[in-house]
Amino acid sequence: MNDTSISSVHNPLPSAGPLETVQVLRDVIGPMVAKGPIIRRPTMVAASERLDLDGRAVSRMQTLSDKYGRGPLMLNIPGRPVALILDPGDVHRVLEGSPEPFAAEETLKRHALKHFEPKTALISDGTERAQRRRLNEKTLDHDHPVHHMAASFMPVVEQETELLLEQVQAAGGALEYKSFYDAWFRIVRRVVLGDSARTDTPLTDLMESLRRDGNWAFFKPVATRGRSALLDEIQNALDRAEPGSLAAFMTQQPQGSEAQPAQQIPQWLFAFDPAGMATFRALALLAAHPDSLRAATRESRKVGQTEEGEKPTPATPLLRSTVLESLRLWPTTPMILRETTTDVRFTHGVMPAGTSVLVFTPFFHRDDRHLDFAHRFAPELWERPRTRQDWPLVPFSAGPGLCPGRHLVLLLASKIMAELLSQATLHLDSHSLDPEKLPGLLNNFSLRFRLS
Ligand code: HEM
């Protein structure tokens, strides 16, 4: 750094001591990495739920924020500048300030995602990022609550839920995560790649295997053969362009020379996994709140009443808000990562270029020093769009890096919930949830419902 740089003439940001840094690694970063940032490890998720590690992570952040105020707080990690965001205003600032000076293409993220999508928008920059992001936005119809192809997607959800309900009935009414997940991924493969991929579980298995490598980021070499096989299969789906699939819709979008369509789709297949988790947890939220369950069931029955020939526009505000609440309470992307492209000035000092910036969302979603709804189900939070004037509740991120798949997730999630609720009564068998103090983590893998 030369001596005219901002850092040399301004104070550095406050820095955590070595012990505090170890506490952050132990309580905040460690458990998140152990659970699996790219694909969850069920045993670690179970341990986290049992030991309330997620609650402990939020408490650790609160202790730091009580001591250091607005921050950001630099961690004392040799060889790599890392900063924790502590101030709600800074969450907005960092997320709005992407890609300059807070690039979405962060080093650790790049190493994790390169295992299955080295050219995805999220870890690209410049023209490449612009073209790839635009292709994602167009294909996922990111500005519209109801995707233009919803009329093709809705029957897929209906058919697969029907089959799921038959399986549940055969299992004496028990709905477990495994059967939900299998149904969800039949939907995902049909919606993304086309009906012929319906039973292509080997593809989902391959994705899972590459994502397991992704959990190890740079500690594991890339399985280049597996990655090529995945991308080839996706390219085949684009070539087939089956009517009614997102792959077909993608081929109709304007694409620049750097858009790399096949490399954008693994991110969708990956991200539909947490979407399924969030949906299953959303069902648990409803089961634990009988009034909301009744209202959601009424809402679900209305969704089914579409006139023949009418475009389905599922008006399911409560179901959508419930999924958003599931994601607020138990964010599936708990750490949003950015990297500074230049020195950045904050009120209390300067953050150097090349710093990994960590936005730990559970801290902002569950900060009971400021939020009376921190640990309870509050679907009313989502009745109007949230702005940067509001407290940051950012399960889908915000600003130019906002998740372009959010509306599609809410559409498909609320539709499968509506199908289940309109045809069955739901009881949560596996957990007893206290509506006044919802847990720091809800283990989706062990959730079990009884449907009658
Ligand atoms: C519960 C489900 C989901 C959640 C919570 C979620 C959340 C997020 C978040 C927080 C980001 C920003 C990540 C970052 O900045 O590092 C993101 C990015 C992204 N998401 Fe999602 N997502 C979900 C599902 C989906 C689905 C199903 C799709 C596609 C069908 C999708 C497509 C994308 C894409 C393409 C990006 C990268 C955007 C960019 O490069 O700017 N997401 N998502």
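Results, tabulated for the structure shown:
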| item | result |
| --- | --- |
| Within the stretch 417-438, tally of residues that are buried (at least 22 other Cβ atoms within 10 Å of the Cβ) and either within 13 Å of the ligand (Cβ to nearest atom) or of a type in the set (Asp, Glu) (or both) | 1 |
| Residue that is surrounded by the fewest Cβ atoms within 10 Å (Cβ to Cβ), among those in the stretch 185-230 that are small (Gly, Ala, Ser) and in a loop (DSSP other than H, G, I, E, B) | Ala223 |
| Condition met for Ala151 (over 21 Å from the mean Cα position of the chain (by Cα), surrounded by fewer than 22 Cβ atoms within 10 Å (Cβ to Cβ) and of a type in the set (A, V, I, L, M)) | yes |
| Residue within the stretch 399-410 that is of a type in the set (D, E, K, R) and either open to solvent by 50 Å² or more (accessible area, probe 1.4 Å) or within 30 Å of Gly172 (Cα to Cα) (or both) present | no |
| Some residue of the stretch 339-348 being touching a residue at least 40 places away in the same chain (Cβ under 8 Å) and aliphatic (A, V, I, L, M) | yes |
| Subset of the stretch 372-415 (residues that are among the polar types (S, T, N, Q) and either more than 9 Å from the ligand (Cβ to nearest atom) or without any contact (Cβ under 8 Å) to a residue 12 or more places away in the chain (or both)) | Thr387, Gln389, Ser414 |
| 2 or more residues open to solvent by 20 Å² or more (accessible area, probe 1.4 Å): qualifying strands (runs of 3 or more DSSP E) within the stretch 316-364 | 335-340 |
| Selected residue (criterion: farthest from Trp268 (Cα to Cα)) from residues of the stretch 105-134 that are of a type outside the set (S, T, N, Q) and away from the ligand (no atom under 12 Å from the Cβ) | Gly126 |
| From the options Leu165, Leu140, Leu135, Leu175, residue that is of a type in the set (A, V, I, L, M, F, W, C) and touching a strand residue (DSSP E or B) at 6+ places or on another chain (Cβ under 6 Å) | Leu175 |
| Glu100 vs. criteria within 16 Å of the ligand (Cβ to nearest atom), under 19 Å from the mean Cα position of the chain (by Cα) and touching a residue at least 60 places away in the same chain (Cβ under 8 Å) | no |
| Failed criterion for Thr322 (all others in (1) under 16 Å from the mean Cα position of the chain (by Cα); (2) within 12 Å of the ligand (Cβ to nearest atom) hold) | (2) |
| Qualifying position, being free of Cβ contacts under 8 Å to residues at least 60 places away in the same chain, open to solvent by less than 20 Å² (accessible area, probe 1.4 Å) and part of a helix (DSSP H, G or I), among Ala262, Ala296 | Ala262 |
| Ala418 under 15 Å from the mean Cα position of the chain (by Cα) and outside any loop (DSSP other than H, G, I, E, B) | no |
| Meets criteria (within 14 Å of the ligand (Cβ to nearest atom), of a type in the set (Gly, Ala, Ser), part of a helix (DSSP H, G or I) and open to solvent by 20 Å² or more (accessible area, probe 1.4 Å)) for Ala271 | yes |
| Residue pairs meeting the criteria (Cβ under 7 Å; at least 6 apart or on separate chains; first assigned to a loop (DSSP other than H, G, I, E, B), in the stretch 421-446; second exposed (fewer than 14 other Cβ atoms within 10 Å of the Cβ)) | Ala424/Ser452; Thr425/Ser452 |
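For every residue, the table says whether it meets (1) part of a helix (DSSP H, G or I); (2) in contact with a helix residue (DSSP H, G or I) (Cβ under 7 Å, 6 or more places away or on another chain).
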residue	(1), (2)
Ala374	no, no
Pro385	no, no
Arg388	no, yes
Ala413	yes, yes
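Residue by residue, here is whether (1) within 30 Å of Ser422 (Cα to Cα); (2) part of a loop (DSSP other than H, G, I, E, B) holds:
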| residue | (1), (2) |
| --- | --- |
| Glu105 | no, yes |
| His115 | no, yes |
| Leu135 | no, no |
| Ala151 | yes, no |
| Val156 | yes, no |
| Glu160 | yes, no |
| Leu165 | yes, no |
| Gln169 | yes, no |
| Leu175 | yes, no |
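The values are calculated or read from the model by the stated rules, or taken from the named source; none is laboratory data. All figures in this text were calculated on a predicted structure; none of them were measured in a lab. Cβ atoms come from the backbone with ideal geometry, glycine included; neighbour counts cover every protein chain shown. In case anyone asks, the SASA skips ligands and DNA or RNA and just uses the protein heavy atoms, side chains included. Shrake-Rupley method; radii C 1.70, N 1.55, O 1.52, S 1.80 Å.
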